[in-house]
1. Determine which member of the set A67, A54 is at negative phi and more than 12 Å from the chain's Cα centre (by Cα).
2. Those residues that are of a type in the set (S, T, Y) and within 14 Å of V77 (Cβ to Cβ), I need them from region 7-63; list them, please.
3. Which residue out of G34, G42, G29, G16 is loosely packed, with under 13 Cβ neighbours inside 10 Å and among the small types (G, A, S)?
4. Answer yes or no as to whether S48 is within 17 Å of R90 (Cα to Cα), in contact with a Phe, Trp or Tyr (Cβ under 8 Å, 6 or more places away or on another chain) and surrounded by 13 or more Cβ atoms within 10 Å (Cβ to Cβ).
5. Is at least one residue of region 54-75 open to solvent by less than 20 Å² (accessible area, probe 1.4 Å), in contact (Cβ under 8 Å) with a residue 12 or more places away in the chain and within 30 Å of E100 (Cα to Cα)?
6. In region 3-13, which residues are in contact (Cβ under 8 Å) with a residue 60 or more places away in the chain and either open to solvent by less than 50 Å² (accessible area, probe 1.4 Å) or more than 17 Å from G49 (Cβ to Cβ) (or both)?
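The values are calculated or read from the model by the stated rules, or taken from the named source; none is laboratory data. Treat the numbers as computed from the prediction; the structure is a model and nothing was measured. Using ideal geometry, Cβ is built from the backbone for each residue, glycine included, and neighbour counts are taken over all protein chains shown. Just the protein is used for accessible areas: all its heavy atoms, side chains included, with ligands, DNA and RNA removed. Shrake-Rupley method; radii C 1.70, N 1.55, O 1.52, S 1.80 Å.
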Amino acid sequence: MMAARRRFARVVAAEGTALTLDAAEPVAGAYAGGVLRWFDGGNAGLISGVAGSAGTGVTLEEAPPHAVAADALVELVEGCDKRLATCAARFDNSVNFRGEPYVPGNDLLTRYPGA
């Protein structure tokens, strides 16, 4: 099932933590929280966390340790924000969701009685 959530792309431009790829993401924000695996250049074999994505742009959590080679091949794995809505809509896997989406937040515990 995860094979459908992996895609290969080439890096068109790189500056710091921002990368521009030659292929757009399948769904808006699909790569946020995912990983990027480097296959070419000085970063080959390394894995970078993806902080965010939009269209053909990807923002990494940290800048790659080595200069990004022109036309570097990368593999992107879609991320998960661990919300029930994402699990159901994007992954069609709400049956296996292991979170607790209906537990009240801390604000319920900090309310003063009678307030």
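1. A67
2. Within region 7-63, Y31, S48, S53 meet the criteria.
3. G16
4. Judged against the criteria, S48 is not a match.
5. yes
6. R5, F8, A9, R10, V11, listed by residue number.
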